[in-house]
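Everything on this sheet refers to the single structure shown next.
Derivation of every value follows stated rules applied to the coordinates shown; laboratory data play no part. Predicted model only: the values in this text are computed from it and were never measured. Every residue, glycine among them, receives a Cβ derived from its backbone with ideal geometry; neighbour counts consider all protein chains shown.
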Amino acid sequence: MVDLRVKIHKLDLKNPVMLASGTCGFAEEINSFFDISKVGGVFLKGTTLNNREGNNYPRMAETASGMLNAVGLQNKGVDYFIDYIYPRIKNYNTPLIVNVNGSTVDEYIKVTEKVDQLEHIPAIELNISCPNVKEGGMAFGISPKGAKTVTREVRRAYSKTLIVKLSPNVTDITEIAKVVEGEGADSVSLINTFLGMSVNAETRKPRLSTITGGLSGPAIKPLALRMVWQVAGAVKIPVIGIGGIMNAEDAIEFLIAGASAIQTGTALFKNPVVPLEIIDGIKDYLLRHNLKSVSELTGSLHL
Amino acid sequence: MVDLRVKIHKLDLKNPVMLASGTCGFAEEINSFFDISKVGGVFLKGTTLNNREGNNYPRMAETASGMLNAVGLQNKGVDYFIDYIYPRIKNYNTPLIVNVNGSTVDEYIKVTEKVDQLEHIPAIELNISCPNVKEGGMAFGISPKGAKTVTREVRRAYSKTLIVKLSPNVTDITEIAKVVEGEGADSVSLINTFLGMSVNAETRKPRLSTITGGLSGPAIKPLALRMVWQVAGAVKIPVIGIGGIMNAEDAIEFLIAGASAIQTGTALFKNPVVPLEIIDGIKDYLLRHNLKSVSELTGSLHL
Amino acid sequence: MEKRFVDDFLVIDNIQLNENSFLVRMFAPKPLPEIKAGQFVNAEIKDCREIFLRRPFSVFDIDYSNNYLSIIVKILGRGSNQLARVIKGDTISLIYPLGRSFTYPSEHEKILFIGGGSGVAPMLFLAKDCGLPRDNVDLIIGARTFEDHINVNDYNGYGKFHFTTDDGTYGFEGLVTEHPLMKKNLSSFDKIYACGPLSMMKAVAAEAVKKDIFCEVSLENSMACGFGVCLCCIEPTKRGNLCVCTEGPVFNIKDLKW
Amino acid sequence: MEKRFVDDFLVIDNIQLNENSFLVRMFAPKPLPEIKAGQFVNAEIKDCREIFLRRPFSVFDIDYSNNYLSIIVKILGRGSNQLARVIKGDTISLIYPLGRSFTYPSEHEKILFIGGGSGVAPMLFLAKDCGLPRDNVDLIIGARTFEDHINVNDYNGYGKFHFTTDDGTYGFEGLVTEHPLMKKNLSSFDKIYACGPLSMMKAVAAEAVKKDIFCEVSLENSMACGFGVCLCCIEPTKRGNLCVCTEGPVFNIKDLKW
Ligand SMILES: Cc1cc2nc3c(=O)[nH]c(=O)nc-3n(C[C@H](O)[C@H](O)[C@H](O)COP(=O)(O)OP(=O)(O)OC[C@H]3O[C@@H](n4cnc5c(N)ncnc54)[C@H](O)[C@@H]3O)c2cc1C
Ligand SMILES: Cc1cc2nc3c(=O)[nH]c(=O)nc-3n(C[C@H](O)[C@H](O)[C@H](O)COP(=O)(O)OP(=O)(O)OC[C@H]3O[C@@H](n4cnc5c(N)ncnc54)[C@H](O)[C@@H]3O)c2cc1C
Ligand SMILES: Cc1cc2nc3c(=O)[nH]c(=O)nc-3n(C[C@H](O)[C@H](O)[C@H](O)COP(=O)(O)O)c2cc1C
Ligand SMILES: Cc1cc2nc3c(=O)[nH]c(=O)nc-3n(C[C@H](O)[C@H](O)[C@H](O)COP(=O)(O)O)c2cc1C
Ligand code: FES
Ligand code: FES
């Protein structure tokens, strides 16, 4: 048998296949298709201190091998999560990770402190890379200074596993990765969506209410893979690879490039059971290549 | 009749559809398919001071709705261009623009000075955004300081139309655009390719000899469109839109977003006669929408 | 949360209903769960380069004994164009069942359906499935012109049909909202159900509000996932932004901000 | 520069030659220009999501009287798999003619073809097109096993065929380079032409160099454009990095850095 287990700091994952924040709701929706305990972990929908209605409709535009979204962190706020959602999902037998968002450092800290109280949330993913909100979000993730401040302050408030999610909309993602590592992040996950735009030529209007939105899906895979490779070479903490992973082959490419685990996002919209297919595909691959453990794949790019 | 003419500084284009550097050779190859004088302009293959053999094979990898290339500015040097290629192509009845490259500011200047002597080259495109060379190239285009220096020095040496080609691999492309405008660029063209990577999962090897390469094609269109829109809002000089333009609809989207003209690149590999289809498509669109001139489209996004 | 599935359905037949509409009947690879009128499936569009996401289609009919599920596909763009061309023996991957159904009418209620375009699909399903006698059911079906109407003879037993065309080539000349049933007799109905173009549904809703009649509409906001995770399909409602795919597609107009 | 074209060709027939190989014959929409053995076309792969670029295929046959162009498609991956499934009536967009042909032999020369896999296509074309009597032409065709060979009976008039299989199920057991004609009689040939797997061509080239015999090979470097603008298909040669699509695909081994 092959060993699919992966360790991300204090998190023990049964396999490296996790679900990306904002693409798997609060785990229940995917659990309506298959037993969610089979995946390595679930990154829950981005959560803020207060209720957010998000951006106006339309929020979505299809692109070549991808899609733009402009959801804008619609969620009912962390207290609602704690009171109504957490009790329903807390017993799923897989790590549930809250994706923490804020417009200010203070909001990030407040959400973190509240989530810290939850026994069944072993980690948070600090989202400093959402391109769809006016304040905070990506603003923190595209400057080393912003990334430094928010990571430091949240680290101070949180002793469980802290994963920082990086924005690809930067000149040098390794610079940001090194900064957040320096401030005590236990892992980095990358990438969040790329800032893009879509125009309806006939009406001459933007296709998104917000004009620009975040690009995800296979279109961005080559860019995400490059960034994962760069960051894995620049930091010592484990890297979680995200971006256009549609099948086991894609996932394996990210592991080879240096990721310890991966998240699948947009792929879930097309195929909600894709995590199971990826897990099986990785298993097959390891057997076929005579590898005992998935960790042997991580960073095994032959140069 | 509709008016397709466009002015980019001193350049009079018969229409806004031009061919992107590195994807149309030295115009002769595309002229083997149709009369090249029909296009608005041709951006010739990137030229350096000396002969360059470029990178090793393999230089290409297909991706979802796109491709990576790692050509690395293979060319025979500016003197060879002047002695052997220029005489063959100089009488094509469309603006021929040399794509100027260098590892140092000095090399950029030397190439520019030589090209300045050529009567039938009315403009240069300063390529500060090639991601496939070890020295120079993108290094200049991703820092405001580098962009400033090379633009200033080349501007000093060149009085014809100076177009600066921007890299998308930056946190804020408007910052770079404003810097080069400030140094006297007559126009900016964007974008060059995005730095990406591809891995062969079976062999665990990179698919490009250089590991990373430049991503082009429809996959990047939403990102290019966003950048064109941002830059058009930030500078006063005309913007030339590039990135994943495959048909007239795409081209029109770029014009609406703020481009005065466009270049089509990777699309030529799939369909070498696509420039004619785009020109016809724009004509049809203008007629259908009761617009008299293509310039009415530029920046006409309804917000 | 109820179980949902992703399965390859086998195309049994594909009947062209008019120039643009196709009735695609598919065999489910496992016993179909209960599916009610208003619910939908999210269909994968195969081998179409330009299309990345699935496309939602209302369930038009369920035949539990044969394990068949049918949809009506109206050609609008590339995805529907591709789907409309399936042939017997092809497979279509569906995510199902999705969304909430219409509130079924109670016994003795008099109900009115108002539909246009592909909006007829969930309404014919409800007319057939709701179990009311023919006399309690009226349907106004609108179209641009005679050729755009589909043949509903099979459904004559389930309700009284009234047709409208913009150009008067079939039935009443004018919009569905101008039909005498709407103009004069609206108050005689207990429930109104509308499905079709947004402008039509809004016009119907305005009339229903005026007469204070229960009215449900089925929205077609564009969707990425169809099962509530992407939050792309939202509709502003009095209860905040709600997902059309999970809280709808059927909404009581009282909840909408129209 | 010579004229090139992009046109939709109409599939006339598609004959399966063995488990993986298909002979696709197409009708050109305008009179075909002269095309010589070794030249190729770049074919668009329709409706295949995973594929973005065209795929190059050597011309296998030209029938000027009917305006037919044929290629042999061997299934290797997704693109060739899709192309292998075309049926009569389909259209395929081709960019043509591309590349440089083999140097055709002169009268009275004795020539040897060595090919494997889809590499037989340009060689059968040259054997037929070069106009030499049967006695002057030998062809060694290699394959893994009997089933991988294609039927070349139609070509028996153009040369003497010698087959090899790795497992001895047909013809000589062993690699083409181990065939007696290669081992013992190589010096009797004026020109050698090889097309097939890289390792095979390199082995043939090594023998030809040893015996100082003229030898041309046809390379299959991966291509983006096929007409000399992308510079992706380069081969390092003694004249620098050259584009296989325009300076090749046929190269004299003297120019290569093998
Ligand atoms: C819950 C639900 C149920 C549906 N039921 C049916 C059904 O039973 N039968 C049926 O034929 N169609 C139905 N639709 C609509 C169907 O999903 C769209 O027609 C289809 O997605 C169009 O895809 P396309 O690729 O052909 O068009 P595209 O190429 O994506 O679009 C073509 C044109 O149609 C417009 N368009 C596309 N989708 C929508 C939309 N959802 N709303 C408004 N305009 C749109 C686009 O803006 C564009 O102008 C339903 C939609 C929803 C959300
Ligand atoms: C000038 C030229 C002439 C050719 N003539 C013929 C012909 O007459 N008949 C024929 O069947 N094929 C021919 N080929 C090869 C043919 O183009 C490829 O088999 C085809 O492109 C594979 O595409 P695919 O999408 O099926 O495979 P992909 O999915 O792209 O690749 C499948 C596998 O094949 C490998 N592969 C793909 N292309 C090549 C290549 N060019 N060289 C080496 N390995 C490759 C890939 O690395 C991968 O492992 C020719 C190629 C060239 C350059
Ligand atoms: C509709 C949608 C909503 C998203 N919401 C969030 C979010 O709330 N928080 C977050 O960190 N990332 C969010 N993302 C980004 C994804 O988690 C992921 O980083 C990105 O989509 C790239 O991966 P993919 O190509 O596999 O989708 C969202 C993405 C999509 C498509
Ligand atoms: C094979 C290849 C070679 C290229 N060479 C150059 C070059 O020499 N100089 C340059 O400025 N851009 C070069 N580019 C970038 C293109 O000009 C263009 O900016 C980019 O491909 C995006 O446009 P597209 O998506 O339409 O191809 C090259 C692109 C490709 C694909
Ligand atoms: S379509 Fe994704 S939430 Fe409704
Ligand atoms: S394939 Fe583009 S130059 Fe040869």
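The phi-based Karplus calculation (6.51 cos²θ - 1.76 cosθ + 1.60; θ = phi - 60°) puts the 3J(HN,Hα) values of the stretch A:39-46 at 8, x, x, 10, 9, 6, 4, x Hz, whole numbers, x for Gly and Pro. What is the calculated FRET efficiency for B:V2 to B:Q117, with r their C-beta to C-beta distance and R₀ = 30 Å, to the nearest 0.05? It comes out at approximately 0.20.
The long axis of helix C:198-211 is offset from the longest Cα principal axis of chain C by roughly 40 degrees. Shape analysis of the protein assembly as shown based on the Cα gyration tensor places the equivalent ellipsoid semi-axes at 51, 37, 32 Å, largest first. Computed over chain D, the quotient of the alpha carbon radius of gyration and 2.2 N^0.38 Å is 0.97. Amide H to amide H distances under 5 Å link B:G265 with B:A20, B:G243, B:G244, B:I245, where only residues 5 or more positions off or on other chains count and H is placed in the peptide plane. Whole-Hz Karplus values for the stretch B:94-101 come out as 7, x, 9, 10, 8, 8, 9, 10 Hz, taken residue by residue from phi with 6.51 cos²θ - 1.76 cosθ + 1.60 and θ = phi - 60°; glycine and proline positions read x. Among the trypsin sites (Lys or Arg not before Pro) in the stretch C:1-70, those located in a DSSP loop and surrounded by at most 10 other Cβ atoms within 10 Å of their own Cβ are C:K3.
Relative protection proxy for B:144-155, D:151-162, from highest mean packing down: B:144-155, D:151-162 (other beta-carbon atoms within 10 angstrom). The packing ranking of peptides B:193-200, B:286-293, C:137-144, highest mean first, is B:193-200, C:137-144, B:286-293, where packing means the average number of other beta carbon atoms within 10 angstrom of each residue.
Relative to the longest principal axis of the Cα atoms of chain C, the long axis of helix C:120-129 lies at roughly 80 degrees. Take each peptide in A:77-86, B:125-134, count the other Cβ atoms within 10 Å of every residue, and average; sorted highest first, the result is B:125-134, A:77-86. Taking chain A as a Gaussian network of alpha-carbon nodes connected by springs under 10 Å, the highest mean-square fluctuation of the residues A:Q263, A:Q230, A:Q117 belongs to A:Q117. Within the shell of other residues whose beta carbon sits under 10 angstrom from the beta carbon of A:G281, the net charge comes to -4, with Lys and Arg scored +1 and Asp and Glu -1.
Counts of other chain beta carbons within 10 angstrom of each beta carbon in peptide C:3-16 average 2.
For the peptide A:55-61, the mean number of other protein chain Cβ atoms found within 10 angstrom of a residue's Cβ is 6. Do the alpha carbons of any pairs in A:K114/A:K134; D:K210/D:K254; D:K202/D:K254; C:K74/D:K46; C:K46/D:K74; D:K3/D:K191 sit beyond 20 Å of each other, and which pairs? Violating the 20 Å limit, Cα to Cα: A:K114/A:K134; C:K74/D:K46; C:K46/D:K74; D:K3/D:K191. In terms of surrounding Cβ atoms within a 10 Å radius of their Cβ, C:C130, C:C215, D:C195 rank from fewest to most as C:C130, C:C215, D:C195.
Pairs of Cα atoms nearer than 8 Å and 6+ residues apart set the relative contact order; for the stretch D:111-218 it is 29 percent.
Given the stretch D:111-218, report the % of alpha carbon pairs whose separation exceeds 24 Å. Of all Cα-Cα distances in the stretch D:111-218, 13 percent exceed 24 Å.
Using R0 = 51 Å, the C-beta based FRET efficiency linking A:K236 and B:K10 works out to 0.40.
With θ taken as phi - 60° and the Karplus curve 6.51 cos²θ - 1.76 cosθ + 1.60 applied, the whole-hertz 3J(HN,Hα) list for the stretch B:70-82 is 9, 5, x, 6, 4, 6, 8, x, 5, 5, 4, 4, 5 Hz, x standing for glycine and proline. Largest first and in whole Å, the equivalent-ellipsoid semi-axes of the stretch A:49-185 read 23, 21, 14, each the square root of five times a Cα gyration tensor eigenvalue. The modelled label-to-label distance for the pair A:N56/C:L186, using points 7 Å beyond Cα in the direction of Cβ, is 2.7 nm. Take each residue of peptide A:212-220, count the partner chain Cβ atoms within 10 Å of its Cβ, and average: the result is 6. Measuring between alpha carbons in the structure, the pairs from A:K221/A:K270; A:K178/B:K221; B:K7/D:K30; C:K211/C:K238; A:K160/A:K236 lying more than 27 angstrom apart are A:K178/B:K221; B:K7/D:K30.
Under 14 Å from the Cβ of D:K211, count the other residues' Cβ atoms, weight Lys and Arg +1, Asp and Glu -1, and hand me the total. Value of the local net charge: +3. Hull volume per residue, based on the alpha-carbon atoms of chain A and their convex hull, is 123 Å³. The distance separating the Cα centre of the stretch C:1-57 from that of the stretch C:174-210 comes to 29 Å.
Over the stretch C:4-54, Cα pairs under 8 Å with separation of 6+ residues give a relative contact order of 26 percent.
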